[in-house]
1. Residue separation times 0.36 nm, minus the C-alpha to C-alpha distance between residue 274 and residue 54: what's the value?
2. Give the lysines reachable from residue 246 as a straight Cα distance under 16 Å; neighbours fewer than 8 places away on the same chain don't count.
3. At what distance in nm do the modelled label points of residue 195 and residue 112 sit from each other, each positioned 7 Å from its Cα along Cα→Cβ?
4. Less than 14 Å apart at the alpha-carbon level, and either on another chain or at least 8 residues along: which aspartates and glutamates does that give for residue 171?
5. Output the peptides 268-274, 111-117, 230-236 sorted from most to least packed, where packing is the average of other Cβ atoms within 10 Å over each peptide's residues.
6. Excluding residue 232 itself, what net charge comes from residues whose Cβ is under 13 Å from its Cβ, given Lys and Arg +1 and Asp and Glu -1?
7. Going Cα to Cα from residue 178, which lysines come in below 21 Å? Please leave out same-chain ones fewer than 8 positions away.
8. Bin by bin, in steps of 10 Å, what percent of the Cα pairs in region 55-274 do you find, going until the bin that has the longest distance?
Amino acid sequence: MRSTSNPAFRRLPVGNGAGYGQYGPNVGFNQPQGGIPGYGAPQAPAGAGDRPMTVDDVVIKTGLSLATALVTGILTAIWAQGQADARALGPVLGVMLVAMLVGFGLSLVMIFRQKPSGPMTLLYSAAEGVFLGAITGLFEMIYPGIALQAILGTAGVFIAMLVVYKTGAVKVTPKLTKWIIGATAGVVILMLANLLLSLFGVNMGLRDGGALAIIFSLVVIGIAAFNFLLDFDMADRMIREGMPSKWAWFAAFGLMTTLVWLYLEILRLLSYLQND
């Protein structure tokens, strides 16, 4: 059974984690020490430069990735607003398309290569920052103040789900995992169907700003939020299995993919509400 709907964590290497050493009972985000059947780290001895990853490693790498996305995003949003004010939307759309393709390409490389890379993770974060910044700049021109609202909303959801996970208010059980994976697959299929049908002039009402679109966005935001629980749990497993510290970059990459998805959906929902 898959343990996460995040493609970044789908094909991690499997082993017994025996060579990496163990930490105390609070080694993970929330879970006690112990092995995970069928999941682990590559079988190799830990060296001085290849120590087991810790929570601090995940926090630091995720923080660096997020900071990179924020800096490139803010700079791009400021530039995009200037271009929009000058009625020069062509360059903005071009930059947005290139950044989207670069980010998508890097994500595919990292997912299928299954090797952690700090530079590649930061480059992915920078590309996603440019992509989100260009979109945000355009939205900010139409709906002043929406960027800050979307950032605060995304941060709020992330922190809330981290607290939920840390306190054990919601346990990541096999049943919950199956539900989240199924719900994620369902909304992705609906979004793809809506996109394809829209090319033929068919409106499913999922993205037109109406009542159904608002409800759909709320559902997607909820599912994205629950995906954080799976991301936290997977990072926990990586820590408990003693995977090398460099794999914290991969955990950061996985968390960034969910953050990008959540931010886009919150931005979309806010635009619907402001239209109303």
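1. So the extension gain works out to 75.0 nm.
2. Partners within reach: 61, 115.
3. 1.8 nm
4. 231, 233, 236
5. Most protected by this proxy first, the peptides run 230-236, 268-274, 111-117.
6. My count for the surroundings of residue 232 gives +1.
7. Candidates past the 8-residue exclusion: 166.
8. Result returned by the calculation: 8, 29, 38, 20, 4, 0.
Every read-out reported here was derived from the displayed coordinates using simple, explicitly stated rules and does not represent laboratory data. Remember, it's a predicted structure, so these values are computed and weren't measured experimentally. With ideal geometry, Cβ positions are generated from the backbone for all residues, glycine too; neighbour counts draw on all protein chains shown.
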